[in-house]
1. Ranked highest first by the average count of other Cβ atoms within 10 Å around their residues, in what order do 91-101, 25-35 fall?
2. Going by alpha carbons, how many degrees (0 to 90, nearest 10) lie between the helix axis of 114-129 and the longest principal axis of the chain?
3. Between the helical axis of 68-84 and the dominant principal axis of the chain, each derived from Cα atoms, what acute angle in degrees is found, rounded to the nearest 10?
4. What are the equivalent ellipsoid semi-axes of the chain, built from the alpha-carbon gyration tensor (square roots of five times its eigenvalues), in whole angstrom, biggest first?
5. Could you please report the charge total around S120, scoring K, R as +1 and D, E as -1 over all other residues with beta-carbon less than 14 angstrom from its beta-carbon?
6. What ranking do 128-136, 171-179, 76-84 get when scored by the average of other Cβ atoms within 10 Å per residue, highest first?
7. Does anyone have the angle between helix 156-178 and the longest principal axis of the chain? Alpha-carbon axes, 0 to 90°, nearest 10?
8. Let me have the 222 nm mean residue ellipticity of the chain computed from DSSP H runs of 4+ only, each contributing -39500 (n - 2.57), with the sum over all residues rounded to the nearest 500.
Amino acid sequence: MRVAIGAWRGARTIRRMPDWFSPAQLFGYAAFVLGVACFLQTDDRRFKWFMTAECLAYVIHFALLGVPTAVASSLLSLLRSALSLHTRSKWVAVGVVAANIGFGLAIATKPSDWLPLTASCLGTIALFTLTGVPMRLLMLCGTGLWIANNLIAGSIGGTALEVVVAAVNAATIARMLMAGAPQAR
């Protein structure tokens with residue numbers, strides 16, 4: 001949300017605090033719950049199901065916030081997560097990465113628009129080519145990019161989600177390593 005200060009040409013704008021209980025933020029909170037549940041999973045298949053649901057909540061959240069690159073990235077992430085439940089085809093992964101790059105070229109207007117798109121590319125590579133701990137480590141890299149995107153977009157639930165997801169993912173990785181299951185499925 002932006003508010004113009006002054007009525008003259010070149011009036012500066014400031015960002016208002018978002019409404020904590022707006023529909024946009026409520027979907028962000030839903031994504032938060034689903035994301036935490038996702039990264040608590042040590043079973044890769046359940047991880048992917050929760051991620052699919054989280055992505056759907058994110059699509060609605062970012063659409064309501066008016067962040068088209070995050071909507072595009074979340075839609076592709078939803079598709080990617082659903083497809084990864086049925087195939088590990090590297091060609092499908094290449095197609096999803098290419099779609100992310102295509103969306104970026106078509107709608108990105110500033111460098112920060114590439115944050116969610118890059119995160120989605122990392123997630124695609126992780127879900128289609130890795131399992132267990134390596135998959136979660138690459139997802140953790142994407143989480144860092146989502147944190148930056150959400151701070152820029154003013155997403156309360158999304159920022160909280162990604163910070164908690166980073167911590168939960170790191171704890172799950174540690175748990176998996178201590179259990180001696182770096183390639184747990």
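1. 25-35, 91-101
2. Tilt of helix 114-129: around 10 degrees.
3. Rounded to the nearest ten degrees, it is 10.
4. 31, 18, 13
5. Net of charged neighbours comes to -2.
6. Top to bottom by mean Cβ count within 10 Å: 76-84, 128-136, 171-179.
7. Helix 156-178 and the main axis of the chain meet at about 20 degrees.
8. Estimated from H runs of four or more residues: -25000 deg cm²/dmol.
Computed from the coordinates by the stated procedures, all read-outs in this text should not be read as laboratory data. Computed from a predicted model, the values in this text were never measured in an experiment. Every residue, glycine as well, gets a Cβ built from its backbone with ideal geometry; the counts of neighbours run over all protein chains shown.
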